[in-house]
Each structure stands twice: as C-alpha cells, then as structure tokens.
Amino acid sequence: MNLYQNILNSKKDNIKLLAILLDPDKLDLKVISQFITKINQSPATHLLVGGSSFEGHHLDDIISVLKKATNLPVVLFPGSPAQISGEADGILFLQLLSGRNPDYLIEHQINAVPILEKTKLEIISTGYVLIDSGIETAVERVSRTKPISRNNSDYAAQTAKAGELIGNRLIYLEAGSGAQMAVPLDMITAVSERISVPLIVGGGIRSKVEIEAAFEAGADMVVIGTAFENDLTFFD
C-alpha cells in the first residue's frame, strides 16, 4: 500500500477523499463495534487515529481491531511520539508550522525517530497549520502556540507554501477538535491555489454540506471527527 501515491493520484484525478478521525482517548474497545459498523456504512476513504493527548495503553489494540474490521487505510495523526503504533499503515509526520514552540517544530520529531525506525509505517511529512476557530482548542492548549488569524488568508497560504518548500508532502489546515468555526472557505481556496501538494482540511465541520463546501473551496481531503463521534448517524 502506497498511501501518499494514492492521495496524489486522487488529487490528479480530482477524486475527493474523506477521513474519519478517531480519538483513542474516546474509544472504548468494549463499544468500538458500533463505531466500526457506522464507519463501514460511511463514504470514508481513510481513518485517522490520534489526538492532542493520549494517556492510554490500548492504541495498538484499537488499530488492530480497526484493521481487521474495515478495509480502510489507518493513518496515525499523533500529538506526541507516545501515539505511534506499528499496527497502523502510515503516519502523518506532523510539523506545527503555525507555532513557534520548538517541541512541535522538531523536538517531538527527533524523539520519534527511534520508534519509527522499528516500524514499517509509511511516513508522510505533513505541515500542520492551526487556524483560529473562536475558542482555545486542545491543540492550542497542549502545544502552547497561537493559531493563525482566520482573517489572514494570505499569511496562512504563505505559511503553507513555506511548509511545501521545506519538504512537507501534505498540508493540513486545522481549526481544532471541537472548534466553534471551521476553516474559512476563502482561506482554503487561498492555500489550495498557493501550494501544489495535497491539502487536508479539518476541524469544526459539522454537516455534509460543509464537507462539500470545503471540497469545492479546494480541499483534497476533508477530516470529520467530533461530529461523527457525537452522532454515529452523521452519514445516514
């Protein structure tokens, strides 16, 4: 499985991708079957697993269950090296471009290397850009960084382009888990037009109409998380 090449091919063919983000802190192995049933009935193309923080010890078990019960690629979306599991298919190797906390620019990445070298994960360098969503999100709180203003599309696009020039192979525009407001559509368009690598957009998206709007604005992959967690009939 070549995850990144499949994403590139989809972008080239204008095939939009949809990922469901699962927070391992909110997943109980005893009730995960109901999540899996709804995932298999959904139009999702990918599963992302991760969160801003995770204190549990059942990540391998969660991913193993997901792999056995679905046909979707499982990709790690880690908040720290503690969220790396060799059971997944790949990992978004995140660099928090919107912040200036060195831990999230390079330190966590360095600490992850010995763990990653023991796995067969496909590693996809991803520039992560946090956008103001109206509240302090978990990402902002944990990373101790400030998001980019939602009114500054040009700076967001410039930041994303810098990430691409550094070598990031994906750009992830994120409003944050539980965001009050999603990434503005004009910002999605501005970033999409500035970069050539695939663009992922997530956070604060609460309806199928908003998913389609993000696609139309230029997102290559949209991520839905909290809305699905709160309503398993979201895609019905």
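Miscellaneous remarks
- Members of the stretch 182-202 that are aliphatic (A, V, I, L, M), outside any helix (DSSP H, G or I) and within 27 Å of Leu22 (Cα to Cα): Ala182, Val183, Val197, Leu199, Ile200, Val201
- Put simply, of Ile205, Ile200 the only residue that is of a type outside the set (Phe, Trp, Tyr), closer than 15 Å to Gly127 by Cα and surrounded by 19 or more Cβ atoms within 10 Å (Cβ to Cβ) is Ile200.
- Highlighted here are the helices (runs of 4 or more DSSP H) found entirely within the stretch 72-168 that include at least 1 residues which are closer than 28 Å to Asp61 by Cβ, of a type in the set (D, E, K, R) and open to solvent by 20 Å² or more (accessible area, probe 1.4 Å): 138-143.
To keep it simple, each residue is scored yes or no on (1) of a type in the set (A, V, I, L, M, F, W, C); (2) at positive phi; (3) at pLDDT 95 or above.
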| site | (1), (2), (3) |
| --- | --- |
| Asp23 | no, no, no |
| Val49 | yes, no, yes |
| Ser85 | no, no, yes |
| Ala88 | yes, no, yes |
| Gln95 | no, no, yes |
| Gly99 | no, no, yes |
| Asp103 | no, no, yes |
| Val113 | yes, no, yes |
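- Index of the failed condition, Phe228 passing every other in (1) aromatic (Phe, Trp, Tyr); (2) surrounded by 19 or more Cβ atoms within 10 Å (Cβ to Cβ); (3) modelled with pLDDT of 95 or more: (3)
- Unique match (being within 30 Å of Gln34 (Cα to Cα), touching a strand residue (DSSP E or B) at 6+ places or on another chain (Cβ under 9 Å) and of a type in the set (A, V, I, L, M, F, W, C)) among Leu92, Leu116, Leu96: Leu92
- Taking the stretch 23-41 as the range and being assigned to a helix (DSSP H, G or I) and open to solvent by 30 Å² or more (accessible area, probe 1.4 Å) as the test, the residues that pass are Asp25, Lys26, Ser33, Gln34, Thr37, Lys38, Asn40, Gln41.
- Among all positions in the stretch 194-203, there is at least one residue which is out of contact with any Gly (no Cβ under 8 Å at 6 or more places or on another chain) and charged (D, E, K, R).
- Unique match (being free of Cβ contacts under 8 Å to residues at least 60 places away in the same chain, open to solvent by less than 10 Å² (accessible area, probe 1.4 Å) and assigned to a loop (DSSP other than H, G, I, E, B)) among Ala179, Ala214, Ala219: Ala179
The values are calculated or read from the model by the stated rules, or taken from the named source; none is laboratory data. Just so it is clear, the model here is predicted, and its values are computed rather than measured. For neighbour counting, all protein chains shown are included, and Cβ atoms are generated from backbone atoms with ideal geometry for every residue, glycine included. For the accessible areas, the whole protein counts, side chains as well, though only heavy atoms, and no ligand, DNA or RNA atoms are used. Shrake-Rupley method; radii C 1.70, N 1.55, O 1.52, S 1.80 Å.
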